[in-house]
Amino acid sequence: MGKCPDCGAWNTLEEVVDVPQSPAQQRRQSIMAASPASNSHHPHTPIVLPHIKPLVQERISVGYPEMDRVLGGGLVAGSLILVGGEPGIGKSTLLLQISGEIAKNVGPVLYVSGEESIEQIKMRAERLDIVGEQLYLLAAIELDLIVESVNRVKPAMVIVDSIQTVLASHLTAAPGSISQVRECTLQLMQLAKTSQIPILVIGHVTKEGTVAGPKALEHIVDAVLYLEGERYHSYRLLRGVKNRFGATHEIGVFEMHGEGLIEVTNPSAVFLSDRMSNASGSAVVVSMEGTRPLLVEVQALVTPSNFGNPRSTTNGIDHNRLVMLMAVLTKRVGLAVGGHDVYANVVGGFNIEEPSIDLGVAAAIASSYREKLIPADMALIGEVGLSGELRAVSRLSLRVREAAKLGFKRCLIPSAGQGNKLHHEIAETYPEEDFRVITASTLAVALEIALH
Ligand code: TYD
Ligand code: MG
């Protein structure tokens with residue numbers, strides 16, 4: 001229309017496109033409207049950097065230093081944290097335990113479960129010795145109900161157990177489907193951000209890695225922690241794989257007991273405690289897990305192959321890495337391990353991806369192959385290259401000092417990088433014969449020293 005039928009002016013009409021809102025958007029906006037906003041401005045207006053109020057990064061301790069460290073120093077207000085792991089590994093147990101601590105020390109906690117009845121949770125809480133004056137339980141799956149309860153209870157922390165059971169009722173898909181899980185996570189994110197309440201969400205991962213599993217949510221949430229371990233071993237590792245408020249790759253170590261998860265504050269000592277010092281094929285390596293060095297035992301067993309078709313299997317280390325180390329041992333060191341079955345294993349159900357354990361793994365294989373012991377008081381650190389050279393690793397000094405602290409007397413390290421410098425430093429700090437650092441430039445030389 002050229003002429004406005006209302007005021008009679010010409011060419012004054014403007015086109016306005018009316019975008020219909022999806023039900024999901026409407027819902028998220030209603031959540032935002034219902035909760036007090038942290039920044040008072042309109043949420044969709046861009047703001048210049050100096051005018052943005054800094055996040056109050058006050059951290060709440062969850063009562064377990066092992067978990068606080070993985071979180072980067074405690075829970076941040078308004079963060080959404082995904083705790084993933086295989087069914088039965090102990091996710092509900094861990095989060096119920098921290099709920100008990102927060103309820104005791106900080107304020108009310110809302111624990112929402114779509115998997116168990118509140119009576120079942122109470123039974124577990126009793127076993128875990130949780131009094132829970134301030135611990136609110138809710139058995140629900142509808143997201144609207146959860147949001148309503150959060151607004152009513154105004155808790156210091158919310159647990160949602162598990163994301164696979166939550167249901168946004170405006171979607172027709174079944175709980176646990178990818179669209180439900182994503183939508184519910186997005187809404188919980190909004191809720192956390194607007195209410196400034198930290199929300200921890202449990203997500204089950206199956207061995208096959210389900211479609212609707214936590215993997216699909218990692219990019220939405222602020223932090224992702226995985227609880228892992230062998231189901232039939234009692235150790236559980238809480239591993240940070242993403243953290244917008246701290247460093248990743250920190251681990252916390254727990255042990256599952258009859259009365260719940262107990263922190264293991266000195267894991268190296270525990271993992272090395274049932275080590276047989278007089279067996280061939282055993283080496284102690286120092287792996288860095290986040291900021292913490294961890295001493296673990298790797299074992300290898302080399303046996304002549306019976307079927308002319310040699311096998312190699314690994315537990316806790318990358319199989320391709322093992323095959324590469326076997327090739328280097330064959331070609332650069334002259335150990336014909338090729339015609340043998342080789343088994344390599346990290347003790348304690350650990351998974352180590354770091355190349356710094358190469359030297360230890362190679363030495364364990366050589367030790368088993370040649371039936372010679374690696375000294376029980378020696379720790380081995382170093383990456384092995386394809387030319388058979390020993391390569392520098394990060395945080396060498398920290399690793400070596402941890403070995404010394406645990407009573408090891410010798411540390412075999414690469415001379416490359418900081419190796420030689422460290423060799424002199426250590427010689428000055430420890431009296432002769434008390435603790436020694438031995439450097440080597442190649443795998444062949446290192447094996448001469450370790451297995452002489
Ligand atoms: P759970 O926390 O239910 O696992 P998830 O939530 O990850 O599926 O843990 C279940 C296992 O933990 C179960 O097999 C029993 C064991 N458990 C203990 O050994 N001790 C305990 O005190 C508790 C509560 C559980
Ligand atoms: Mg559970």
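The values are calculated or read from the model by the stated rules, or taken from the named source; none is laboratory data. Since the structure is predicted, the reported quantities are computational estimates derived from the model, not experimental observations. As a convention, Cβ positions derive from the backbone with ideal geometry for all residues, glycine included, and neighbour counts pool all protein chains shown. Note: accessible area is taken over every heavy atom of the protein model, side chains too, but ligands, DNA and RNA are not part of it. Shrake-Rupley method; radii C 1.70, N 1.55, O 1.52, S 1.80 Å.
Across region 345-452, C-alpha contacts under 8 Å between residues 6 or more apart give a mean separation that, scaled by the residue count, equals a relative contact order of 27 percent. Full extension of the chain between S117 and T248 yields a length gain of 43.7 nm, computed as 0.36 nm times the residue separation minus the alpha carbon distance. If you take the Cα centroid of region 402-452 and the Cα centroid of region 137-171, the two points sit 55 Å apart.
Bridging of K331 to lysines at a Cα separation below 29 Å is possible for K372, once same-chain residues fewer than 8 apart are set aside. Using a probe of 1.4 angstrom and keeping all protein chains present, the accessible surface of the chain works out to 48 square angstrom per residue.
Could you sort 70-81, 306-317 so that the peptide with the highest average Cβ count within 10 Å comes first and the rest follow in order?
Packing order, densest peptide first, comes out as 70-81, 306-317.
For region 227-283, the percent of C-alpha pairs falling in each 5 Å distance bin, counted from 0 to the bin holding the largest distance, reads 4, 16, 20, 20, 17, 13, 7, 2, 1, 0. Per-residue Karplus couplings for region 446-452, computed as 6.51 cos²θ - 1.76 cosθ + 1.60 with θ equal to phi - 60°, are listed in order as 4, 5, 4, 6, 6, 10, 6 Hz, Gly and Pro entered as x. By how many nm would the segment from L128 to E230 lengthen if fully extended, with 0.36 nm per residue of separation less the alpha-carbon distance? Taking L128 through E230 to full extension adds about 34.6 nm, to one decimal. The modelled label-to-label distance between T12 and A336, using points 7 Å beyond Cα along the C-beta direction, is 9.9 nm. Counting only alpha carbon atoms, the long axis of helix 419-429 and the longest principal axis of the chain meet at about 80°. Among 322-331, 354-363, sorting by the average number of other beta carbon atoms lying within 10 angstrom of each residue, highest first, gives 354-363, 322-331.
Along its principal axes, the chain has C-alpha extents of 99, 62, 53 angstrom, given from the largest down.
Here the accessible area is traced with a 1.4 Å probe on the protein chains. For region 309-383, carbon and sulfur cover 46 percent of it. Gap in Å between the Cα centre of region 45-68 and the Cα centre of region 270-291? Answer, in whole Å: 38. Take every DSSP beta bridge whose two residues both sit in the chain, then give the antiparallel share in percent to the nearest 5. Antiparallel: roughly 50 percent of the beta bridges in the chain.
Put simply, when 99-107, 113-121 are sorted by average Cβ atoms within 10 angstrom per residue, most first, you get 99-107, 113-121. Listed by chain and number, the lysines whose alpha-carbon sits under 25 Å from that of K215, ignoring those within fewer than 8 places in the same chain, are K91, K193, K207, K242. Answer rounded, prolate or oblate for region 79-121, using the Cα gyration tensor with square roots of eigenvalues a ≥ b ≥ c: rounded when a/c is under 1.5, else prolate when a/b is larger than b/c, else oblate. Note, shape of region 79-121 comes out oblate.
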